[in-house]
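Step one of this worksheet: look at the structure below.
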Amino acid sequence: MSDTLIQASPRPAVQHPPEAPSFIDTSLSYGRSSVARFVRDAAPARIVVDLGAGGGADLDSARAALPDATLHAVESYAPSVDALRARGYIVHALDIERDRLPLESGSVDIVIANQVLEHTKELFWIAHEVSRVLRVGGSFVVGVPNLASLHNRVLLAFGRQPTQIRSASAHVRGFTRPDLLGFFEDCFPGGYRTAGFEGGNFYPFPAVLARPLARAFPTLAWGIFARLVKQVPYERQFLDYPVVHRLETRFHLGD
């Protein structure tokens, strides 16, 4: 990160061990097919927002599925900003950990955050803003590395650090399926229902095996991907949670 800006950069957004064999298709870890499927499932949609849009791969899927939708990219890395604007996307360069999204409350149909949340501390603020701008019935499509993947379980059993949350990496949070879904339910009870859940990649297998294994055993896959549908109007539950529960870390909760 540079200062507090969450931005795409020349480094990969996903963290694989440096000794990862060449036969592993690391592109599967981005779960592009899962995100595209969840976006199609969320149709019809008029407004789509991608947090940390990077090169625009997930917005490209949204454009293909929803040709009439208005597509917003939240991105701060200058080359990506220029490229996204040149391709017709509306780009907002802001700090997702401190700034409000420049969209009206309840106006957005789909928010995407793929391989972003693991890089952030201010999860409560981000979830607040996502929940604020999403309409009731709108979808939050999220993808994160899976701390409980098969290879991480093996590493931890031998006293080794899970690859998705190594100290010498860009990741500051680790997620499992129960933790990811539990975060939203704990902070915003009844606020979301899980409309889809899939796994992406399966370390250390080649693509021909990784794809079916991730489908069959998503909670053991390298990455986990979910579509959460907003059920009820949102107030400020994600900002209230750290205060009510007196969490012993200072979080940004707005001005």
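The values are calculated or read from the model by the stated rules, or taken from the named source; none is laboratory data. Remember, predicted model here, so these are calculated numbers, not experimental data. Glycine also receives a Cβ, built like all others from the backbone with ideal geometry; neighbour counts cover every protein chain displayed.
Which residue pairs have Cβ atoms under 7 Å apart, sit 6 or more places apart or on different chains, and have a first residue in the range 41-62 that is over 21 Å from D82 (Cβ atoms) and a second that is at pLDDT 95 or above and assigned to a loop (DSSP other than H, G, I, E, B)?
Within 7 Å, the pairs are A43/L66; A45/L66; A45/A69; R46/A69; I47/A69; I47/S107.
Got at least one residue in the range 145-156 being under 29 Å from L253 (Cα atoms), surrounded by 18 or more Cβ atoms within 10 Å (Cβ to Cβ) and without any contact (Cβ under 8 Å) to a residue 40 or more places away in the chain?
yes
Given the options E118, E104, E97, E19, name the one that is more than 16 Å from the chain's Cα centre (by Cα) and modelled with pLDDT of 95 or more.
E104
Within the range 241-252, can you find the residues that are within 22 Å of the chain's Cα centre (by Cα) and outside any loop (DSSP other than H, G, I, E, B)?
Answer for the range 241-252, where residues must be within 22 Å of the chain's Cα centre (by Cα) and outside any loop (DSSP other than H, G, I, E, B): Y241, P242.
Count, please, the residues in the range 186-226 that happen to be closer than 30 Å to R135 by Cα and assigned to a loop (DSSP other than H, G, I, E, B).
Residues flagged as closer than 30 Å to R135 by Cα and assigned to a loop (DSSP other than H, G, I, E, B) within the range 186-226 amount to 4.
How about the range 58-92: which of its residues are among the small types (G, A, S), buried (at least 16 other Cβ atoms within 10 Å of the Cβ) and out of contact with any Asp or Glu (no Cβ under 8 Å at 6 or more places or on another chain)?
S61, A65, S80, A83
Out of curiosity, is A170 touching a residue at least 12 places away in the same chain (Cβ under 8 Å) and outside any loop (DSSP other than H, G, I, E, B)?
Against the criterion (touching a residue at least 12 places away in the same chain (Cβ under 8 Å) and outside any loop (DSSP other than H, G, I, E, B)), A170 does not qualify.
Could you give every pair whose Cβ atoms fall below 7 Å, whose first residue belongs to the range 235-255 and is surrounded by 13 or more Cβ atoms within 10 Å (Cβ to Cβ), and whose second residue is part of a helix (DSSP H, G or I) and aliphatic (A, V, I, L, M), counting only separations of at least 6 or pairs across chains?
F238/A127; L253/L239
Look at F183 and say whether it is assigned to a helix (DSSP H, G or I) and touching a Phe, Trp or Tyr at 6+ places or on another chain (Cβ under 7 Å).
no
Can you pull out every residue in the range 58-88 that is more than 22 Å from T120 (Cβ to Cβ) and either among the acidic types (D, E) or in contact with a His (Cβ under 7 Å, 6 or more places away or on another chain) (or both)?
Within the range 58-88, D60, D68, D82 meet the criteria.
Within the range 29-57, restricting attention to residues that are touching a Lys or Arg at 6+ places or on another chain (Cβ under 8 Å) and assigned to a loop (DSSP other than H, G, I, E, B), which residue is surrounded by the fewest Cβ atoms within 10 Å (Cβ to Cβ)?
G56
For the range 138-167, what are the residues that are charged (D, E, K, R) and either in contact with a Gly (Cβ under 6 Å, 6 or more places away or on another chain) or outside any helix (DSSP H, G or I) (or both)?
R160, R166
Only one of V74, V81 is of a type in the set (V, I, T), more than 29 Å from P242 (Cα to Cα) and free of Cβ contacts under 8 Å to residues at least 40 places away in the same chain; which?
Testing whether each residue is of a type in the set (V, I, T), more than 29 Å from P242 (Cα to Cα) and free of Cβ contacts under 8 Å to residues at least 40 places away in the same chain leaves just V81.
Being modelled with pLDDT of 95 or more, farther than 22 Å from D25 by Cα, within 16 Å of the chain's Cα centre (by Cα) and among the acidic types (D, E), is that true of even one residue in the range 197-207?
So far as the range 197-207 goes, no, none of its residues is modelled with pLDDT of 95 or more, farther than 22 Å from D25 by Cα, within 16 Å of the chain's Cα centre (by Cα) and among the acidic types (D, E).
Would you confirm, using the coordinates I've provided, whether R132 is more than 14 Å from the chain's Cα centre (by Cα), more than 23 Å from W222 (Cα to Cα), assigned to a helix (DSSP H, G or I) and modelled with pLDDT of 95 or more?
yes
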